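The values are calculated or read from the model by the stated rules, or taken from the named source; none is laboratory data. Quick caveat: nothing in here was measured; it's all calculated off a predicted structure. Here the Cβ positions follow ideal geometry from the backbone for every residue, glycine too, while neighbour counts run over all protein chains shown.
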Amino acid sequence: MDDARVGVLPFDRGPVETIGYLVVDLRSGMALVIDVPFQSAGDILATLAEHGWKLTAIAITHGHWDHTGDAASLAGATGAPVSIHRLDEAMLVTPQSYGFALPFPLRGMTPDRLLEHGDVLACGSLRFEVLHVPGHTPGHVALFERSEGILFTGDVLFRGSIGRTDLPGGSYDVLLDSIVTQILPLPEETRAYPGHGSDTSIGRERKNNPYILDYLDHFE
Ligand SMILES: [Zn+2]
């Protein structure tokens, strides 16, 4: 791994084991954080300091509280701009717990940048393409770094599963359509890093994910 160009460090934190990712362009030391679970900001800051990495941006895959919880703290400590898709902006500004009992208050914040499908988030030499993948929430995005073959899927696609669609703004058909039209066409060796659970590959999910297989069975 001496010539590795990118580092992907997961921070699995908070009451529902949400994973935020610190992604580093190792040559420049510039870093991007994708989702900021509760109780993750302190460890992310310590890791940045330990390596001398500079956080250049914070990207939020979608507006659910478990992915946005420490975004305001991390942004406040680093000055890194926070981006989210415009259709999930209201959830970042006014977080909702949807009946989930939380032992701490939710803190809203205003994003610095609103994302659209096709936007690019740059971090050193890395280029993260913004894919709009609604269905879990209306403004969910996945981030794809094509040259490294890495994809951050938030709560759209998990290893062997898919995101829930019973929360406000969710739609099973829209979610499966997003997966089939936006994610499955990516190269099968693409490494997919989800917001919960183990990482996987696009090829593995295309072959084994029961929700995808069932959908393709019925609609193709
Ligand atoms: Zn979610």
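Suppose we filter Asp66, Asp43 for residues that are over 19 Å from Leu126 (Cβ atoms) and surrounded by fewer than 16 Cβ atoms within 10 Å (Cβ to Cβ); which single one remains?
Values: Asp66 fails: surrounded by fewer than 16 Cβ atoms within 10 Å (Cβ to Cβ).
Testing whether each residue is over 19 Å from Leu126 (Cβ atoms) and surrounded by fewer than 16 Cβ atoms within 10 Å (Cβ to Cβ) leaves just Asp43.
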Just the residues that are assigned to a helix (DSSP H, G or I), surrounded by fewer than 18 Cβ atoms within 10 Å (Cβ to Cβ) and in contact with a strand residue (DSSP E or B) (Cβ under 6 Å, 6 or more places away or on another chain), please, taken from the range 186-212.
none
Is it the case that the range 87-97 has a residue that's among the charged types (D, E, K, R), buried (at least 21 other Cβ atoms within 10 Å of the Cβ) and either touching a residue at least 60 places away in the same chain (Cβ under 8 Å) or in contact with a strand residue (DSSP E or B) (Cβ under 9 Å, 6 or more places away or on another chain) (or both)?
yes
Scan Ile179, Ile183 and give me the residue that is under 14 Å from the mean Cα position of the chain (by Cα) and buried (at least 17 other Cβ atoms within 10 Å of the Cβ).
Ile183
Scan the range 13-33 for residues that are more than 16 Å from Leu45 (Cα to Cα), of a type in the set (A, V, I, L, M) and crowded, with 16+ Cβ neighbours inside 10 Å and jot them down.
Leu26
Name the one entry in Glu89, Glu50 that is over 22 Å from Glu145 (Cα atoms), under 18 Å from the mean Cα position of the chain (by Cα) and modelled with pLDDT of 95 or more.
Glu89
Look through Leu102, Leu74 and report the one residue that is at negative phi, of a type outside the set (Phe, Trp, Tyr) and away from the ligand (no atom under 16 Å from the Cβ).
Leu74
Is the range 133-145 home to any residue that is within 13 Å of the ligand (Cβ to nearest atom), in contact with a Lys or Arg (Cβ under 8 Å, 6 or more places away or on another chain), under 23 Å from Val23 (Cα atoms) and in contact (Cβ under 8 Å) with a residue 40 or more places away in the chain?
yes
For the list (1) within 29 Å of Ser147 (Cβ to Cβ); (2) within 16 Å of the ligand (Cβ to nearest atom); (3) part of a helix (DSSP H, G or I), I need the number of the one condition that Leu45 fails.
(2)
If we keep only residues of the range 146-168 that are surrounded by fewer than 24 Cβ atoms within 10 Å (Cβ to Cβ) and within 25 Å of Ala57 (Cα to Cα), then the residue farthest from the ligand (Cβ to nearest atom) is Ser147
